[in-house]
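The values are calculated or read from the model by the stated rules, or taken from the named source; none is laboratory data. Predicted, not measured: the structure shown is a model, and the values here were computed from it. Glycine also receives a Cβ, built like all others from the backbone with ideal geometry; neighbour counts cover every protein chain displayed. Areas reflect the complete protein model, heavy atoms only, side chains present, ligands, DNA and RNA absent. Shrake-Rupley method; radii C 1.70, N 1.55, O 1.52, S 1.80 Å.
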Amino acid sequence: MNKRKLKESSAESAESISQVQKILRERFCHHCAAGKLFGMEQQYRHLLELLKRTMVHGESNSALIIGPRGSGKTTLLNHVLKELREMKQVREDLLEVHLNGKNPFLSGLLQTNDRVALKEITRQLQLENVVGDKVFGSFAENLAFLLEALRKGNRTSSCPILFVLDEFDLFVHHKNQTLLYNLFDISQSAQTPVTVLGLTCRQDILELLEKRVKSRFSHRQIYLMNSFDFKQYIKIFKKQLSLPAEFPDESFAEKWNNNVQHLSEDKTVQDVLQKLFHHSKDLRSLHLLLMLAVSAVTVHHPLLTAADLQEASRQYSTDSKANIVHGLSVLEICLIIAMKHLNEVYDGEPFNFQMVYNEFQKFIQRKAHSMYNFEKPVVMKAFEHLLQLELVQPLERPSARAQREYVLMKLLLDSSQIMDALQVYPNCPTDVKQWAASSLSWL
């Protein structure tokens, strides 16, 4: 009898663990609208009202959602669309067209130019020149099909259409911005209710629009910034790990949530989160850390521990980028150390090549006894190699007019990764190691 009860208890425990992992993995998925929004309630209301005016009242609009990568632009949109689809007054025949200037996974094609993007629009809207997944006709014919279809409708009976342009800034670089011009134009003049929504991380996006395109844009802009402090970050950590009230096993959910509360107060866990917080406020980074930790949960290890989060942090930070450092030249190592110091001095603010070069020159003049002072073009070539290796990343796509020396960058390695790599770097000069380990007082 006891063995039977033990088996039943074990089966229930296994079921609970399985449900925990399913719920949390869905929540940690970046595009999932099941989780909670943090610090963007005002933007949520703004976007919800904007789309309701199209879907309920037949009003056409255009808008841009602007924010750094990982700030929650796609998550915000998904939450708003989820609520709209649940509203009784929203018509069920909403048409959505998703285009992406970079990522092929949203719409099945890379919309690298207006011709390809327009074919994808006609495919998703299933216009007359679409047979299966194949689109027939030239760019002009496809454009004529689209414009004619949208202008034939009326605002009271036509299906509302939402155009979502992810990586909006990449569409700006298409020849003559023809697609953007026509989309913004139909959002002003077409009889069918249309909203054109662009998602971008470029703050200067309006400056990149041609005059004729800008004049047809409504100039509605929704800004997202990761402005929360570390205390709020801890609250986000708790909310992201906590189980919902409707979790089937109430007893297990109570134990789990109490454990999460204790973890949030644990000094070791706070140190792990502090390190991640200073590296990136991007909630996708937190989700990845928690995904790694949750994978350690089993029937025999049903609750998370501080050690699980430490191990997840180690796995998170041990990546290919840190290993690439071992194969760099001494000059390239020096440039990375210069960036590390700039990050510390300016509290993680972006830098450019000129700032890195100046920092390197300070080191050569004050501290280095074994380092050769390279010419600036040689240093620039080393810097560009770091860019190719994706150890450094530009904040925004550089324009053709931007001077290379002044394009803003960020370092994709944190201080601990740099110091760990230097410990095993072969024949690293002592001066360089001392510079890397030095405090800010030498500046």
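Computed values, structure above
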read-out: Close pairs (7 angstrom Cβ cut-off, 6 or more residues apart or separate chains): assigned to a helix (DSSP H, G or I) and open to solvent by 10 Å² or more (accessible area, probe 1.4 Å) in the stretch 161-188, charged (D, E, K, R) and at pLDDT below 85 anywhere; value: LEU170/LYS102; LYS175/ASP114; THR178/ASP114
read-out: The stretch 413-432: number of residues that are outside any loop (DSSP other than H, G, I, E, B) and open to solvent by 20 Å² or more (accessible area, probe 1.4 Å); value: 7
read-out: GLY35 being surrounded by 15 or more Cβ atoms within 10 Å (Cβ to Cβ), at pLDDT 80 or above and in contact with a Lys or Arg (Cβ under 8 Å, 6 or more places away or on another chain); value: no
read-out: Filtered residues of the stretch 237-248 (kept if surrounded by fewer than 18 Cβ atoms within 10 Å (Cβ to Cβ) and touching a Leu at 6+ places or on another chain (Cβ under 9 Å)); value: LYS238
read-out: Qualifying residue in the stretch 212-224 (condition: within 30 Å of SER264 (Cα to Cα), open to solvent by less than 20 Å² (accessible area, probe 1.4 Å) and either at pLDDT 85 or above or in the same structural domain as VAL97 (by the TED database) (or both)); value: yes
read-out: Within the stretch 286-304, tally of residues that are free of Cβ contacts under 8 Å to residues at least 24 places away in the same chain and either buried (at least 16 other Cβ atoms within 10 Å of the Cβ) or acidic (Asp, Glu) (or both); value: 1
read-out: Residue ID - modelled with the highest pLDDT, chosen from residues in the stretch 331-369 that are aromatic (Phe, Trp, Tyr) and under 22 Å from GLN423 (Cβ atoms); value: PHE360
read-out: Members of the stretch 216-262 that are free of Cβ contacts under 8 Å to residues at least 60 places away in the same chain, among the aliphatic types (A, V, I, L, M) and not in a loop (DSSP other than H, G, I, E, B); value: ILE234, ALA253, VAL260
read-out: In the stretch 373-412, residue most open to solvent (accessible area, probe 1.4 Å) [restricted to those that are charged (D, E, K, R) and farther than 16 Å from PHE351 by Cβ]; value: ARG401
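For every residue, the table says whether it meets (1) polar (S, T, N, Q); (2) open to solvent by less than 50 Å² (accessible area, probe 1.4 Å); (3) in a helix (DSSP H, G or I); (4) modelled with pLDDT of 70 or more.
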site	(1), (2), (3), (4)
ASN78	yes, yes, yes, yes
ARG85	no, no, yes, yes
VAL97	no, yes, no, yes
LEU127	no, yes, no, no
